[in-house]
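Q: Pasting a structure below so you can have a look.
The values are calculated or read from the model by the stated rules, or taken from the named source; none is laboratory data. None of the values given here were measured: they were computed from a predicted structure. All Cβ positions, glycine included, derive from the backbone under ideal geometry; neighbour counts span all protein chains shown.
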Amino acid sequence: MKTKDKSRKWVWWFLAVIGAMQLYLVRELLAAFALFALGFAAIAVVIGAVYMLHTGWAFAVERLAESQHPVVAYTKRSVNSAEDFARRGVVAAVAGTEELAKRALGRSAAAR
């Protein structure tokens, strides 16, 4: 009878250890899941923030392009002239500027 009680005691200890290990593994798995969920949530927040910045920037550029404000018009002309410099080359652009200056001087002399 004593051996039977000793075996039952060891069986209960073995079951208790197995149960405790299962609970420990479940806790570890839940902790790992929580960490992965937090990591993916952080990545999603960063991607969402970049998307919102991009959308806001695109909206602002569209409104600025449609604007009739004098500063915006001046900037558009400056950008267009810079594009002309790049497209035609500096020499051709300078020659075009000189030609425009001669025309303006000719008009001002004729107006006198």
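Q: What single numbered condition from (1) surrounded by 10 or more Cβ atoms within 10 Å (Cβ to Cβ); (2) modelled with pLDDT of 85 or more fails to hold for Pro70?
A: (1)
Q: Quick check on Tyr51: is it among the hydroxyl-bearing types (Ser, Thr, Tyr) and either at pLDDT 85 or above or in contact with a Lys or Arg (Cβ under 9 Å, 6 or more places away or on another chain) (or both)?
A: Details: among the hydroxyl-bearing types (Ser, Thr, Tyr): yes; either at pLDDT 85 or above or in contact with a Lys or Arg (Cβ under 9 Å, 6 or more places away or on another chain) (or both): yes.
Answer is yes for this residue.
Q: What tally of residues in region 60-74 results from selecting those that are of a type in the set (Ser, Thr, Tyr) and in contact with a helix residue (DSSP H, G or I) (Cβ under 9 Å, 6 or more places away or on another chain)?
A: Of all residues in region 60-74, those of a type in the set (Ser, Thr, Tyr) come to 67, 74.
Filter once more, so that each one left must be in contact with a helix residue (DSSP H, G or I) (Cβ under 9 Å, 6 or more places away or on another chain): 67.
Of the residues in that region, 1 qualify.
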